[in-house]
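Worksheet: the structure to be examined is printed underneath.
Taken together, the values in this text are just the output of simple stated rules run on the coordinates, not laboratory data. Since the structure is predicted, the reported quantities are computational estimates derived from the model, not experimental observations. Note that we place each Cβ from the backbone using ideal geometry, even for glycine, and neighbour counts take in every protein chain shown.
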Amino acid sequence: MLDLKFVRENPAIVRESLEKRGEDSEILENFLKVDEERRRLLREVEPLKNKRNELSRQIGRKKQKGENVDAYMQEVKEISSLIKEKEKQVEEKEREVKEALLGIPNIPHSSVPPGKTSADNQVVREWGEPRRFSFTPRHHWDIAEELGIIDFKRAAKISGSRFAVYWGEGALLARGLIQFMIDVHLRQGYEEVYPPFLVNRASMTATGQLPKFEEDMFHTDMELFLVPTAEVPVTNLFREEVLKEDDLPVRLVAYTACFRKEAGSYGKDVRGLTRQRQFDKVELVKFVHPDASYQELETLLQDAERILQLLEIPYRVVALCTGDLGFSAAKCYDLEVWLPSEKRFLEISSCSNFEDFQARRANIRFKPREGKEKTRYLHTLNGSGLAVGRTIIALLENHQQEDGSVLIPEPLRPYLKGKYTLEKKQV
RNA sequence: GGAGAGGUGGCUGAGUGGACGAAAGCGCCCCGCUCGAAACGGGGAUUCCGACUAAACGUCGGAACGGGGGUUCGAAUCCCUCCCUCUCCGCCA
């Protein structure tokens, strides 16, 4: 959510932002209209309220002196009913203003490359050489099934499509990767939290999943939603709170399972682990001073990259263009890993600076060190570090051997009981 | 699930129908004392919205004491409802 006054006073900036994102400016024009109407109504109601308050005070004073106040009471009663009517209109307008404001996306940072679609995203850097294969590299689902570490068929039987059963060393691999990633991030200075996987509507709204994306979310009775990412419970840890400047930055790492209906993606990535309804992810979340947020974004990105480097998986960093930027983000980098079987890159992490967009919505503030300064909204950032399922894809594909086995990068071995390779079970 | 208690500013906590935006304490800011600090003394500060203004950290007004609704001339205070927290009992991995 943008600041109301900022939007009102800088419609040109917001209009330009919408244009860069390739969005209609109608939401803005509508906001300006209802905001004006709301203020007009306030100018009518507030003087009435003033009069009512004034008269009520007089009634109190006169009553104490034992004077008759019937005439006053009559007058106030009339004013009150008038106020009640107008107040209804004000409330209606306020709802409209809020809704309009919530519908306006964040303003892209000046460093975000202009563009319309993902084709306009800018490659910032590449790491690692895609390996030259002496055989035709196979898809991860074939490798996994042959190794007997993932069972898609039985997953479909017990849960339906877009689920996986990790079996034996597959289960160990998934758990080991989670542990490995968390350990790396702990060394980078993050603190671990392990939050609930079910959250309430207020939390989903504060981070922006609701109301816009309700279709994509699983929700249960009791008004609880399955988290689509750890970003939701972790960012909401400090909802409605005021932190001390000295406590900033707060850097957290969290593992959660993530749940998404993938309702709008029928027929897309149906095979394998790429697009699951349930998947594991280790997430990095930061709460920082506004002056530090862009620097923190760079280190967040590097902290996520470190995982891929340790796993020896070739990847590239892409700066999303204005047209591809998420609704709440002011700037976003994607990490994309190389898939030899498809000769393309696959998104494995998304690292964003939301500036104060989420903080305003979630009401997360900090008290500046100098006490005379007002409390301000802090900046929030988050990024995957990393999506576990997709990491397994990259690992299997990039480290596959001709005989069907898969080499395990050295830093991961301690998490897999010292194994050097994943191999077919000998029958 | 049953019974009870409670939700007030950055924090603790008083306030049960009218001068309460809210005592007191802690914490914070400014000034004095001091070489400096602590202690002490004095002073200051809630947030949001609107109007005026070139603009205001300025003036005036409105709103806000968990959320929503109601009673009343007037609600932090009374009533209803929802949410949450705590204590005890029950159940349970």
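Structure above, values below:
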| quantity | calculated |
| --- | --- |
| Surrounding net charge for A:Leu248, when Lys and Arg each add one and Asp and Glu each subtract one, Cβ distance under 12 Å | +2 |
| Region A:106-197, Cα convex hull volume normalised per residue, Å³ | 262 Å³ |
| Farthest toward positive dipole pole in region A:118-422 [+1 Lys/Arg, -1 Asp/Glu at C-beta], among A:Ala292, A:Ala230, A:Ile313 | A:Ala230 |
| Cα point-scatterer Debye curve for region A:220-367, base-10 log of I(q)/I(0) at q = 0.13, 0.15, 0.19, 0.21 Å⁻¹ | -0.69, -0.92, -1.39, -1.57 |
| Cα-based convex hull, region A:4-102, per residue volume (Å³, whole number) | 90 Å³ |
| Extended-chain gain in nm, criterion 0.36 nm per residue less alpha-carbon gap, A:Ala292 and A:Tyr194 | 32.7 nm |
| Eligible lysines near A:Lys425 by straight Cα distance, threshold 30 Å, same-chain separation 8 or greater | A:Lys153, A:Lys157, A:Lys281, A:Lys343, A:Lys417 |
| Highest-fluctuation residue, A:Glu54, A:Glu241, A:Glu215 considered, GNM on chain A with Cα pairs under 10 Å | A:Glu54 |
| Positive-pole candidate from A:Leu101, A:Pro47, A:Phe31, dipole of region A:4-102, charges at beta carbon | A:Pro47 |
| Values of log10 I(q)/I(0), in the order q = 0.07, 0.10, 0.15, 0.16 Å⁻¹, for region A:118-422 under a Debye, Cα-only, solvent-free model | -0.27, -0.56, -1.24, -1.39 |
| Scattering curve values for region A:323-415, log₁₀ I(q)/I(0), Debye with Cα scatterers, q = 0.19 Å⁻¹ | -0.93 |
| Nearby lysines by direct alpha-carbon distance to A:Lys62 (threshold 25 angstrom, same-chain neighbours under 8 apart not counted) | A:Lys49, A:Lys51, A:Lys77 |
| FRET E, pair A:Arg175, A:Ser265, Förster distance 30 Å, beta-carbon r, rounded to 0.05 | 0.65 |
| For chain A, with +1 on Lys and Arg beta carbons and -1 on Asp and Glu, the positive-most of A:Thr205, A:Ser161, A:Tyr266 along the dipole | A:Thr205 |
| Of all DSSP beta bridges in chain A, antiparallel share, percent nearest 5 | 90 percent |
| Of A:Lys93/A:Lys116; A:Lys98/A:Lys286; A:Lys116/A:Lys261; A:Lys20/A:Lys286, pairs whose Cα-Cα distance is over 31 Å | A:Lys93/A:Lys116 |
| Value of Rg/Rh across region A:138-285 [Cα atoms, Kirkwood radius] | 1.01 |
